[in-house]
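Below: the structure, in structure tokens.
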Amino acid sequence: MDTGWELHARSGRAVLVRGGGTEHDPARLRLPEPLVAALHEWAGVAELVQTGESAQTGDIVSRRGRQLAMRLAAETGGRVGYVDPLSGELAQIGRPRSAQAVRRRGRPVAPVPPTPWATGLTISAIVAVIVAVTLAVVSQGLADVSGALAVFVNIAIAAGFAPSIWLGRNVAVWRWVAFGTAAGLVISWITGLLSLLGPG
């Protein structure tokens, strides 16, 4: 379904209008921040060009506006009306091949391969077991010496793993290791708490 948004440049700011109604700031539509910044930058340049006499600069602004409208259509998943700030002409920017299609130098990016859930979850489970068992053994040994020391070491290990887990969560292969590590940490903590509640 088409979104019905129209992209306008008003007083140096980019605005989106639906059905000729209220103007909306692109930032309020949960669009990516770089896209919102680019839209406002384009509108600011368009206002400066309107007061000048350079036809070449005007063509650049128009082309840039169309490119941003295409990105906006990709983000919203529908058609976007683009109102040229210099000529006032309305052009409908067509639906992209997919909502995530991003064009670079006129060539679509290669399609995203399917997620290997079976293999990935197997890797995550193996890593989770290794991390959980290792931490449980280390914690049990430290708890025999000092309970406070065992807690401190567990906190230090969790804090040490946290940045790697956070950075690896979106990497194609390493995300499964990151998920497994996070699960192993949680399992070891739950096991440790249950052991404290059990018979002494």
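The values are calculated or read from the model by the stated rules, or taken from the named source; none is laboratory data. On a predicted model such as this, the values are computed, not experimentally measured, just so you know. Quick note on the areas: whole protein, heavy atoms, side chains included, nothing else; ligands and nucleic acids left out. Shrake-Rupley method; radii C 1.70, N 1.55, O 1.52, S 1.80 Å.
When the surface is traced with a 1.4 Å probe over the full set of protein chains, residue 195 keeps roughly 70 Å² accessible.
How would you classify region 113-172 from its alpha-carbon gyration tensor, with a ≥ b ≥ c the square roots of the eigenvalues: rounded for a/c under 1.5, else prolate if a/b is greater than b/c, otherwise oblate? It comes out oblate by the Cα gyration axes.
Of 134, 76, the order by accessible heavy-atom surface (1.4 Å probe, DNA, RNA and ligands excluded), from most exposed downward, is 134, 76.
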